[in-house]
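The values are calculated or read from the model by the stated rules, or taken from the named source; none is laboratory data. Keep in mind that this is a model prediction, so the values were computed, not measured. Glycine gets a Cβ as well: all are built from the backbone with ideal geometry, and neighbour counts include every protein chain shown.
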């Protein structure tokens, strides 16, 4: 009598493989999403530093900083978004007078990178022409790291 050889996997082997893949995915996906958020924050910080440099040149030429809201600019050709394209940008940039009562656009500008994605840890990133940096999120230690 010939013995029949069986090819393939048993159900238990398949279920063990699926369980292992599920465990690995439950670890890898949140880690990947965290890395993407960190990359977007770095892009936002770089955009704010670049905008501050543009504002300093503008101040040198015109004697005042320029104010504008999310992504509109003021005709001074400021780059008002993070990344390469305005479509799908992680942050839109704004510029306004610093909140101190004695400040004006001639003395201080507050730059804000308004988050266009969900980031409860950092929220919006801010920077002033005096070098003060902060954010609006729940975990401010991650903002400018």
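Residue by residue, here is whether (1) modelled with pLDDT of 95 or more; (2) surrounded by 11 or more Cβ atoms within 10 Å (Cβ to Cβ); (3) within 43 Å of the chain's Cα centre (by Cα) holds:
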position	(1), (2), (3)
7	no, no, no
14	no, yes, yes
24	no, no, yes
34	no, yes, yes
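The condition of being in contact (Cβ under 8 Å) with a residue 40 or more places away in the chain, out of contact with any helix residue (DSSP H, G or I) (no Cβ under 9 Å at 6 or more places or on another chain) and surrounded by fewer than 14 Cβ atoms within 10 Å (Cβ to Cβ) holds for only one of 88, 63, that being 63. Among the candidates 57, 45, 37, the residue that is touching a strand residue (DSSP E or B) at 6+ places or on another chain (Cβ under 8 Å) and within 22 Å of residue 84 (Cβ to Cβ) is uniquely 45. In the stretch 66-85, the qualifying residues are those that are closer than 29 Å to residue 120 by Cβ and loosely packed, with under 13 Cβ neighbours inside 10 Å, and the one that is modelled with the lowest pLDDT is 72. Summed over the stretch 101-131, residues that are free of Cβ contacts under 8 Å to residues at least 60 places away in the same chain, more than 21 Å from residue 83 (Cα to Cα) and in contact with a strand residue (DSSP E or B) (Cβ under 8 Å, 6 or more places away or on another chain) total 5.
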